[in-house]
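Okay, structure first, notes after.
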Amino acid sequence: MNRLLLVFFAVAITAVPVSGSRLAPRIVGGTKVTEGTRPSYIVYVGLGYSDLRDVDGTQVIKSKRVINHPDFDFFTNWNDIALIELPEEVELTDKIQTIPINRYDVAPGTKLMISGWGAISSNPEVYPYRMRQAIVDAFDRETCKNIYLGILKDITEDMICAQAEEGGKDKCLADSGGPIVSHFDQAGGEVLQGLISWGHGCDSEYPSVYTRVGSYCDWFAQVTKGDVTCQ
């Protein structure tokens, strides 16, 4: 069933203004939000894009619902993952395909590929029209824990650390939610290992951190009644 998408929480929650064409500097009117709840939002999913200027063969679908992980923590980035359910099955084409999810941990040193439309310059922020990609290496988790110890956030078993051998290649602003895959050198053989989550800036001395999707296989199966499974 091609109706469920795996996404990083922050990228899934894309606010769409529905009243008026300009965003005011403050909110006027509105309604009181109950403590502990999230504001409503509308999520549209774009499929088949590699260049934002080229819409040939693409699909845009309004989501049916977003399934946030119940234990997501904004401050620690634990459980930084969600599912988007679509109201209809996606039409698969040469541009739009599914990808298998790896259940097991990725070994340190494994070559991985990240991709997205994030900033190619952080000062000033410059964003590309065409999707970018970079090759990074899976980083030893214990070493990554020690690097981040007492500096930013805890590294858990539900995270992957990765860093490029050479500088100048990394995830950056607005790349969050993009995939990190293995077996990218095998046509049609890519395997999803994780989702871009957080890090210490762009192209810094610190490894970037990714949500390890294999940690959530049981949750996928539970909330989708077996429609999303891992290998």
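The values are calculated or read from the model by the stated rules, or taken from the named source; none is laboratory data. This is a predicted model, so every value here is computed, not measured. No Cβ is skipped: glycine too gets one built from the backbone with ideal geometry, and neighbour counts run over all protein chains shown.
Scanning the stretch 199-226 for residues that are of a type in the set (Phe, Trp, Tyr), part of a helix (DSSP H, G or I) and under 16 Å from the mean Cα position of the chain (by Cα) returns 216, 220.
Among the criteria (1) in a loop (DSSP other than H, G, I, E, B); (2) under 26 Å from residue 193 (Cβ atoms); (3) at pLDDT 90 or above, the one residue 56 does not fulfil is (2). Here are some residues: 135, 196. Which one is assigned to a strand (DSSP E or B) and surrounded by fewer than 18 Cβ atoms within 10 Å (Cβ to Cβ)? Within the list 135, 196, the selection yields 135. May I ask you to list the residues in the stretch 104-115 that are surrounded by 14 or more Cβ atoms within 10 Å (Cβ to Cβ) and in contact (Cβ under 8 Å) with a residue 40 or more places away in the chain? Across the stretch 104-115, the qualifying residues are 105, 106, 110, 111, 112, 113, 114, 115.
Quick one: would you say residue 127 is of a type in the set (Ser, Thr, Tyr) and either touching a Pro at 6+ places or on another chain (Cβ under 8 Å) or under 18 Å from residue 49 (Cβ atoms) (or both)?
Numbers: of a type in the set (Ser, Thr, Tyr): yes; either touching a Pro at 6+ places or on another chain (Cβ under 8 Å) or under 18 Å from residue 49 (Cβ atoms) (or both): yes.
Judged against the criteria, residue 127 is a match.
Residues in the stretch 80-94 that are assigned to a loop (DSSP other than H, G, I, E, B) and either within 14 Å of residue 45 (Cβ to Cβ) or in contact with a strand residue (DSSP E or B) (Cβ under 8 Å, 6 or more places away or on another chain) (or both): 80, 81, 86, 87, 88, 89, 90, 91.
Taken together, 154, 158, 175 contain a single residue that is loosely packed, with under 14 Cβ neighbours inside 10 Å and either among the basic types (Lys, Arg) or touching a residue at least 60 places away in the same chain (Cβ under 8 Å) (or both), which is 154. Residue pairs whose Cβ atoms lie under 6 Å apart, separated by 6 or more positions or on different chains, with the first residue in the stretch 180-207 and within 19 Å of residue 148 (Cα to Cα) and in contact (Cβ under 8 Å) with a residue 40 or more places away in the chain and the second in a loop (DSSP other than H, G, I, E, B) and among the basic types (Lys, Arg), are 196/171. Cβ-Cβ contacts under 6 Å between residues 6 or more apart (or on different chains), taken from a first residue in the stretch 44-70 that is of a type in the set (Lys, Arg) to a second residue that is in a strand (DSSP E or B), are listed as 62/44; 64/85; 65/85.
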